[in-house]
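Note sheet for the following structure.
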């Protein structure tokens, strides 16, 4: 919900779609980061491979796309929120994770 509301505010100001996605993502994830910091945990957004901010980005992109396709902003917002919630729940329930980049443990040069 916070991601979409942040995106709507950025959209009302007339910002470009990519900035709307970025601002909505920041709005949606900042509360969780604050919660984790106050609890002395590593923020979820910084944990390896978690689908957290990615779900917000996809949901906001869906919201913007649905509006471009002619849906009413309120309907597009609800569907965007549902997209974010569905992706996040699927990631939690089925342990879905984003691929991560790892460097080789072997040294690339020889002595």
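Each value in this text was obtained by applying a stated rule to the coordinates, not by laboratory testing. Everything numeric here is computed off the predicted structure, so don't read it as measured data.
Pairing the Cα long axis of helix 73-94 with the longest principal axis of the chain, what angle in degrees results, from 0 to 90 and rounded to the nearest 10? For helix 73-94, the angle is close to 30 degrees. Relative to the longest principal axis of the Cα atoms of the chain, the long axis of helix 17-38 lies at roughly 60 degrees.
From helices alone, the chain scores -21500 deg cm²/dmol at 222 nm; the rule is -39500 (n - 2.57) for each run of n ≥ 4 DSSP H residues, then divide by the residue total. The overall shape of the chain, judged from the alpha-carbon gyration tensor, is prolate: a/c is not under 1.5, and a/b is greater than b/c.
For the chain, the longest principal axis of the alpha carbon atoms and the long axis of helix 2-12 meet at an angle near 60°. Using a cutoff of 8 angstrom between alpha carbon atoms and counting only pairs six or more residues apart, the relative contact order for the chain works out to 24 percent.
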